[in-house]
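J.: There's a structure below that I have some questions on.
The values are calculated or read from the model by the stated rules, or taken from the named source; none is laboratory data. All figures in this text were calculated on a predicted structure; none of them were measured in a lab. No Cβ is skipped: glycine too gets one built from the backbone with ideal geometry, and neighbour counts run over all protein chains shown. The protein model used for the area step is the full one, side chains on, heavy atoms only, and it has no ligands, DNA or RNA in it. Shrake-Rupley method; radii C 1.70, N 1.55, O 1.52, S 1.80 Å.
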Amino acid sequence: DKAKSAAEYFLAQFPKDVEALYFYAQVLVETDQLLKAREKANEILAIDASLPEAKAILGEVHYRRKEFSEALDLSREALKKNPKLQVPYRVIGEIYLRQGKIEQGIKVLKEAHSLAPTDVGTLKKLSAGYLKNKDYASAKIYLDMAMKLDDHVPGIHYNLAAVYANQGKGQKAMEHIDLALEYYQDLDTFFWVGKARDMRRLIVRKFKIKE
């Protein structure tokens, strides 16, 4: 909310600042305000139709709508113009993971991480890639980085629970799945609340934990 308010305040004074429009559009995507994000991308296009930031945002909008082919095309076009944009790498990496191209996904997400080392979302996705590869030690490296940046992200605790469960550390897995469940409930994300409850039951059963 603070980031959104700051961007709105800045844009009220400088409505054609491309960096501010790009940042604001990313905030809108993260909060699932996809139509508004598309509007900001169109504002960038109106300033200069060749700017890659607009395509980066539109690529992320299409990704959120599960339109992966369009998302890949737009993200790749953005990177041709500016290979230092972080968002397109993250989008491409996430799509590769969804398509089962795990090694490729990890490689691209590492590029995204190198461009934005403090982006917790990228760290979370990288850990998910390593979890899919059953490389729990590598997953934990990125999860530990994320925890130092923000220890209230439910997906980080969910992935840590998966790591510890697969490493035979039942009590640690329980600690993190309980935190994940608590934070998902705070966010009213019903799908992930259900997923966390399912994992919690599996951990209790696997490690014969008494409650």
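J.: Select from segment 16-26 the residues that are open to solvent by less than 80 Å² (accessible area, probe 1.4 Å) and either assigned to a loop (DSSP other than H, G, I, E, B) or more than 18 Å from ASP48 (Cβ to Cβ) (or both) and list them in ascending order. Spell out the reasoning first.
T.: Start the filter on segment 16-26 by keeping residues that are open to solvent by less than 80 Å² (accessible area, probe 1.4 Å), which leaves 17-18, 20-22, 24-26.
Scanning segment 16-26 gives ASP17, GLN26.
J.: Could you check LYS55 against (1) open to solvent by 50 Å² or more (accessible area, probe 1.4 Å); (2) over 16 Å from ASN82 (Cα atoms); (3) in contact with a Ser or Thr (Cβ under 9 Å, 6 or more places away or on another chain) and say which number it fails?
T.: Only one criterion in (1) open to solvent by 50 Å² or more (accessible area, probe 1.4 Å); (2) over 16 Å from ASN82 (Cα atoms); (3) in contact with a Ser or Thr (Cβ under 9 Å, 6 or more places away or on another chain) is unmet by LYS55, namely (2).
J.: Would you check which residues across segment 180-202 are open to solvent by 90 Å² or more (accessible area, probe 1.4 Å) and of a type in the set (Phe, Trp, Tyr) and list them?
T.: Matches in segment 180-202: PHE190, PHE191, TRP192.
J.: Between a residue in segment 185-207 that is assigned to a helix (DSSP H, G or I) and any residue that is of a type outside the set (Asp, Glu) and open to solvent by 100 Å² or more (accessible area, probe 1.4 Å), which pairs come within a Cβ distance under 8 Å, given they are 6 or more apart or on different chains?
T.: So the pair list comes out as PHE207/GLN171.
J.: From the list ALA146, ALA112, exactly one residue is over 25 Å from GLU182 (Cβ atoms) and surrounded by 16 or more Cβ atoms within 10 Å (Cβ to Cβ). Which is it?
T.: Exactly one residue qualifies, and that residue is ALA112.
J.: Considering only segment 8-29, state which residues are at pLDDT below 85 and under 16 Å from ARG90 (Cα atoms).
T.: None - no residue of segment 8-29 is at pLDDT below 85 and under 16 Å from ARG90 (Cα atoms), so the list stays empty.
J.: Could you list all residues from segment 28-49 that are open to solvent by 60 Å² or more (accessible area, probe 1.4 Å) and polar (S, T, N, Q)?
T.: Result: THR31, ASN42.
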